[in-house]
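What follows is a set of notes on a single structure, which appears directly below.
Read-outs: derived from the displayed coordinates by stated rules, not from any lab. The shown structure was predicted, so the numbers you read here are calculated from the model rather than taken from an experiment. Every residue, glycine among them, receives a Cβ derived from its backbone with ideal geometry; neighbour counts consider all protein chains shown.
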Amino acid sequence: MFANIFNYRFKIALRSKDAIFWSLIFALALGTLFSFAFKSIYENAQNATLDVTVVEGDDEYGMVDIVDTLKDIEYEDGTKMLNIKNVDMDEAKKLLNAKEPKVSGIIDLRDMSDIKLLVNENGIESSILSGIVSIYRQYSSIIIETIKTDPSKIEAVLESLDEETNELVESEGLGGNNKDPYVTYFYNLIAMIAMMASMTGVEIPESCQANQSEVGKRVDCSPASRVLYEISGLLAALIVKFAITIIGLLYFIYVLKINFGGDLPYIFLTSILATLLGVSVGFFVGHIGSLSKKTRESILTAIVVGGGFLSGLMVANVKTLIEVKCPIINRINPFAAISDAFYSLNMYGVSDRFYNSIIYIVGLTVVFTVLGLIMSRRKSYASL
Amino acid sequence: MSGTVVEINNLVKRYKELIALDNFSFKISEGDVFGLLGPNGSGKTTTINCLLSLLSYDKGEIKLFGEKMTPSRRDLKSRIGVVSQNVAVFDELTVYENVDYFCGLYIGDKKLRKQYVEEALEFVDITDFRKFYPKKLSGGLLRRLNIACGIAHKPELIIFDEPTVAVDPQSRNKILEGIAELNKNGATIIYTSHYMEEVEQLCNRVLIMDKGKKIAEGTKDELKGMIKNTESIVVNVRHLSDETINDIKGLHHVYDVKYMNNTLTVKCSGGKHNITHVSEYFEQHNIDYDRIYSELPTLNDVFLEITGKELRDKE
C-alpha cells in the first residue's frame, strides 16, 4: 500500500503543472532576468572608484565609525569603491558642478539623523552611491533610535547592522567566502523555490481529509492508514521538490554561471533542508482546522511572500528592523531561517553560525511535520 | 434469512441549532438495493456521512455488518465502496492510474489489484479511455470513472450518492444497469437520488426521509399503498364548464379534480373501474373527448404526497 501511494503521489507531484511552473519555471525565468540585469550593472561599474565629497558636521551620536567605514569600502580586488574628499558644503557644490575634476556626488553628514546625497545626474554611479547612502541612512536612524530608547541594545544592533552591510558591500577584514554582492538574490531565489514546496506539502493532507476535498472523502472512507498515507505522500513530494531545487541550483551555477562561492556541497545541503522545511510548512498548514482550500492557499502565499519580505529577501534591512522592533517574528519566520543559513554561508562560510541556522531549519521542519502528523489522526468531523 | 448489513438506531446529528437527523433509524438487509429518498436538506447525505464515520454524531448507534462502526474500523471500511455525487479523482492521473490508486488503498496484492482494476474498467466500459486524463473525459465517462474508483475493490456494501447527476441518458442507463449487476453479484446497495424513476427501477426497498426524520419505509408497493391516490384518470378534453368539473368531483372514489391546458386529471382513492365511471359520465352528458387513460401512482406521487409540494431551498 505504501509503495502504491508513494508511486502515485510522486506522479501527481511531478505532473502538477501549476506547482512546477511557479516553483521552477518562474524561478528560473526570474534568475535569468536577474543575471542579465546584474551583468549589465557589472559591465558598467566594473571596479570603478567613485570620487565623492563628504560634508561632516558635529558628531552628536558618536558615529565617526560609520564615516570611516565609508572610506574602507572596497571591491573584491582591493580597489577602493569611494575616493572621499572632506570639504565644506560650498566647496562640495562647486566640485559637483565642475567639469574637471568631476565628483559623482556629495554625501552630507552634517545631520546624522538626516543623511543626504546630492548628485547632478542619474546613472550607475549615482545608483551605487544612492544604495550606499540609503543603507547608512537607515542604519544611522536605527542607531540613533536605539541610543535614545534603549542604549543597552546598541551592541546587538551594531552587530546586526554589520552583517546587513556586508550583503551589499564588502568591508575590509570581514573575510566572507563570496565576494559577489548580487549572489544574495540567487540565494533568495533558491529560498523561494524551497518555500514554494509548501504548495505541494499542503496537498497531502488535502488529499486524505474528508473535510478538505472530494478525493479526501474517498481516501478517508478507505482502510488506508492516515499516517502511512501522509508519510508516503510527504516522501514523494520531497523527492520531486528536491529535484526541482537541485535543477534550479544547477541552472544558476552552470547555465547562468553564478558564483555561489566555494562551499557548494553546503549550498546543496542548505537548499535541500530548506525544501524539506518548505514542504513541512505546507503539510502543517494543510492540517489547520477546517479552513477552505482558498484560505489555505492564502495563508501559504502570505507565508511565502510575506515571510520572504520580512526576512529581507526582497528589500534589504527589513530583517534588521524586525530584529530591533519585534525579534519574535524572525524566530518564527521559516523564510528568515533559510535566509540566515544562506547569509552565513555567503559571508562566513561553514561556521558555527551556519550550523546553528541548519539546526534551526531542521528543528522547525521536525516541529511542523510532527504537529501535522499529530493533527492528522483519523477522526470524524463535526461538519463537512 | 439474510443478515443485516446496516443498522442505524436513534441517530441524532445537530449542526448547532439545526437538527439534521432526529432519532433516525433504519436497517438494510444483505442483498437489498435500498433507496434513500428525501428533498434537499432532508438529511440523506448527512446520514451517509455518519454511516461512513466521516461525520461525528450526537447520539445513536451505527452498526455495519453487525459491528459498531467507528473512524478507526479499517476492517469494516475495507468492505464498503463509496460513489459520491461529486467526482473524486486526481486530474494528474490517467483513468487507469486513478482506479489503480484508489483500489490500492484496499488491495495490497499487486496482481490481484491489476485484475480488479481491469474488471472495474470493463464493468463501467471505459477500458478504451484508460490512458486518458480526467479533463479529457465527457461528463458521462467521468461519472463512470468515479464509479470504477468506488467499486474496483469489490466491496460488499456500496453507497451511491446521486451518481447520475448531469449524466446523458445513455450513460445513465449504463450506470443503472451496472448497479443492478453489482447487486446481482452479491453487493448490498444504498442508493440516493432525486430521480424517482431510477429508484423505482433499481430499489427493492425505499425509505423516504424529511427534516431528518423517517417519513415512510417499505417496498415500492407498500409505499404506494400508503398514499391516498390509487389511480389518476387523465382525459384530453376541450371546453369543460365549472359545473361539469364539480359533477366529476362528486363521482364515487374521486377526491381531487384538476383541469388545465385541456387536460382533466381525476384523482381517485380506492375503488375499481374508476375509468369506466368517468368515461360513462362524459358519454351520458354528450361531451366529446380525445383520449382517456388511467395512471397508477408512481414513486414520485408517493414522494410528493408524503413530503409535500412546497419548494425546498436548502441543500
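Here are the numbers for the structure shown:
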| read-out | value |
| --- | --- |
| Proximal charge balance of residue B:267 [Cβ under 13 Å; K/R count +1, D/E count -1] | -2 |
| Residue exposure sequence - B:100, A:340 - by fewest surrounding Cβ within 10 Å | A:340, B:100 |
| Counting DSSP beta bridges with both ends in the protein assembly as shown, the antiparallel % (nearest 5) | 60 percent |
| GNM result for chain A, Cα springs below 10 Å: residue of A:263, A:220, A:352 fluctuating most strongly | A:352 |
| Karplus-derived 3J(HN,Hα), 6.51/-1.76/1.60, for each residue of region A:102-116, Hz, glycine and proline x | 8, 10, 7, x, 10, 9, 9, 10, 5, 10, 5, 7, 8, 6, 10 |
| Set of lysines near residue A:94 by C-alpha distance (under 29 Å), chain-local residues within fewer than 8 positions excluded | A:71, A:80, A:85, A:102, A:116 |
| Principal semi-axes in Å for region B:161-229 [√(5λ), Cα gyration tensor, largest first] | 23, 14, 12 |
| Hydrodynamic radius of the protein assembly as shown per Kirkwood, over alpha carbon pairs, in Å | 31.2 Å |
| For the protein assembly as shown, with +1 on Lys and Arg beta carbons and -1 on Asp and Glu, the positive-most of B:43, B:257, B:95 along the dipole | B:257 |
| Likely footprinting exposure, A:323, B:305, A:206, fewest C-beta neighbours within 10 Å first | B:305, A:206, A:323 |
| Taking A:141, B:84, A:40 and counting other C-beta atoms within 10 Å, the order from fewest to most | A:40, A:141, B:84 |
| Fraction of beta bridges assigned by DSSP in chain A that are antiparallel (%, nearest 5) | 40 percent |
| Point-charge dipole on Cβ atoms (K/R +1, D/E -1) for the protein assembly as shown, about Cα centre, debye to 20 | 2660 debye |
| 10 Å Cβ neighbours from other chains, averaged over peptide A:217-230 | 6 |
| Above-threshold pairs, the threshold being 27 Å between Cα atoms, out of B:44/B:258; B:154/B:224; B:131/B:174 | B:44/B:258; B:154/B:224 |
| Long-range HN-HN contacts of residue B:256 with modeled amide H, under 5 Å | B:267 |
| Estimated 222 nm signal from helices in chain A, with DSSP H stretches of n ≥ 4 weighted -39500 (n - 2.57), rounded to 500 | -19500 deg cm²/dmol |
| Rounded to whole Hz, the Karplus (6.51, -1.76, 1.60) HN-Hα couplings of region A:237-254, x for glycine and proline | 4, 4, 4, 5, 5, 4, 4, 5, 4, 5, 4, x, 4, 4, 4, 5, 6, 9 |
| Built amide H within the under 5 Å cut-off of residue B:231, gap 5+ | B:268, B:270 |
| From phi via Karplus (6.51, -1.76, 1.60), per-residue ³J(HN,Hα) for region B:40-55 in Hz, x at Gly/Pro | 4, x, 7, x, 4, 5, 4, 4, 4, 5, 5, 4, 8, 6, 7, 10 |
| Value of D in µm² per second that Stokes-Einstein yields for chain B, Kirkwood Rh from Cα pairs, at 10 °C (1.306 mPa s) | 72 µm²/s |
| Cα convex hull volume per residue for region B:228-296 (Å³) | 76 Å³ |
| Max mean-square fluctuation residue, GNM over chain B, Cα-Cα springs under 10 Å, options B:178, B:38, B:212 | B:178 |
| Peptide ranges A:111-119, B:44-52 listed from the most packed, as the mean C-beta count within 10 angstrom indicates | B:44-52, A:111-119 |
| Built amide H within the under 5 Å cut-off of residue A:85, gap 5+ | A:52, A:53, A:54 |
| Net dipole in debye of region B:175-315 [+1 Lys, Arg Cβ; -1 Asp, Glu Cβ; about Cα centre; nearest 20] | 460 debye |
| Separation between Cα centres of region B:139-178 and region A:236-250, rounded to whole Å | 39 Å |
